[in-house]
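Following: one structure in structure tokens, then a few remarks.
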Amino acid sequence: MDRLKERVCFITGGASGIGLGLARALGSHGMKIALSDIDSTSLDIAVQQLRTEGVVVSGFPLDVTDYNAFAKAAEDVRRAFGTVNVLCNNAGVALEGPIDSWSTAGWRWVLDVNVMGVVNGVRSFAPILTTNAEGGHIVNIASIGGLIGGGQHGQYAASKFAVVGLSQSLREELAPYGIGVTVVCPGFVRSSIASAGRNAPPELAGRQEWLLSEGFSSNARNFFQTMANRIKCGLDPLIVGHMIREAIEKGDFYLFTDTEFLDEVERRQRWVEKAINSIRRNPDAPR
């Protein structure tokens, strides 16, 4: 998709992190921004900040797990801007911890936000995108954790693997409509995801404090604290925003933000290749 100027982009989780960085990057190139977030106070601050930078932007408070609210937001954005050309499913949460810290409520929350939030976005905005004569684009923010697994973040990895798979399916299905798809697999980026628990359901209240308490394993506490520190020192979201803008313009499918975890991605590919070669060498393998 080219000629982004005067086009409209809807961004979830846009009050901070990658969402806000993308809004700034696209806004600086003349795109109109429909910004959404579950935190209405932070959303108002972000909208005002963008307007001081000359960005044409409106805010839309939204809980991405609520399909009806998402569908209403899509209609509100269309009424406000006329159409939508780019959808960015950015909202995401993390709930790190070892197996013995898992709970049904925790799994449901992570999957509801990280997976169903993307599903709700596609369901709500695809009817708009597919009617645009000039086509459109969907950006799904996954994670490098959507390509490689790692201990103590099973919920997050499972949800982001799902986003990668869904994105590939969308890429095939929406291509005939002139709609491109980009799946972003970032490493550590400065954001507020480590404190996403502030918006968690009541039954998960205090979980972060519990993980960091003396009553839990030192290994788990160290892992959680290390992740939080790496995020604080992560890549500038504005840099990532410009990377995403370029990927939209070029029509790229995968987008990596840095080289830190590429060796692990290649290791996973070697495992796949080993399995492929093994089955191909088996004369009794079904054809």
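The values are calculated or read from the model by the stated rules, or taken from the named source; none is laboratory data. Just so you know, these numbers come straight off a predicted model, no measurement behind them. In this analysis, Cβ positions are derived from the backbone assuming ideal geometry, glycine residues included, and neighbour counts consider all displayed protein chains. Please note that ligands, DNA and RNA were not included when accessible areas were found on the heavy atoms of the full protein model with its side chains. Shrake-Rupley method; radii C 1.70, N 1.55, O 1.52, S 1.80 Å.
Applying the condition of being among the aromatic types (Phe, Trp, Tyr) and at pLDDT 95 or above to the range 242-270 and asking which residue is most open to solvent (accessible area, probe 1.4 Å) yields 254. Mind checking whether some residue in the range 220-234 is modelled with pLDDT under 95, exposed (fewer than 13 other Cβ atoms within 10 Å of the Cβ), assigned to a helix (DSSP H, G or I) and in contact with a Lys or Arg (Cβ under 9 Å, 6 or more places away or on another chain)? Within the range 220-234, one or more residues are modelled with pLDDT under 95, exposed (fewer than 13 other Cβ atoms within 10 Å of the Cβ), assigned to a helix (DSSP H, G or I) and in contact with a Lys or Arg (Cβ under 9 Å, 6 or more places away or on another chain). Return a yes/no flag: does the range 176-199 have any residue that is open to solvent by less than 50 Å² (accessible area, probe 1.4 Å), of a type in the set (Phe, Trp, Tyr) and under 22 Å from residue 258 (Cα atoms). Yes, the conditions are met somewhere in the range 176-199. On inspection, residue 30 qualifies as over 20 Å from the mean Cα position of the chain (by Cα) and open to solvent by less than 30 Å² (accessible area, probe 1.4 Å).
If you go through the range 1-49 and pick out every residue that is small (Gly, Ala, Ser) and in a helix (DSSP H, G or I), you end up with 9. Taking every residue in the range 170-189 that is closer than 19 Å to residue 120 by Cα and modelled with pLDDT of 95 or more and pairing it with any residue that is open to solvent by less than 10 Å² (accessible area, probe 1.4 Å) and among the small types (Gly, Ala, Ser), at least 6 positions away or on another chain, the pairs with Cβ-Cβ distances below 6 Å are 179/135; 179/136; 181/167; 182/247; 183/142; 183/167.
Do we find a residue being in contact with a Gly (Cβ under 9 Å, 6 or more places away or on another chain) and more than 30 Å from residue 242 (Cβ to Cβ) anywhere in the range 76-97? The answer is yes, given that some residue of the range 76-97 is in contact with a Gly (Cβ under 9 Å, 6 or more places away or on another chain) and more than 30 Å from residue 242 (Cβ to Cβ).
Comparison of 79, 123 shows that the only residue that is closer than 25 Å to residue 178 by Cβ and over 19 Å from the mean Cα position of the chain (by Cα) is 79. Listed by position, the helices (runs of 4 or more DSSP H) contained in the range 53-168 that have at least 2 residues being open to solvent by 20 Å² or more (accessible area, probe 1.4 Å), among the small types (Gly, Ala, Ser) and modelled with pLDDT of 95 or more are 67-81.
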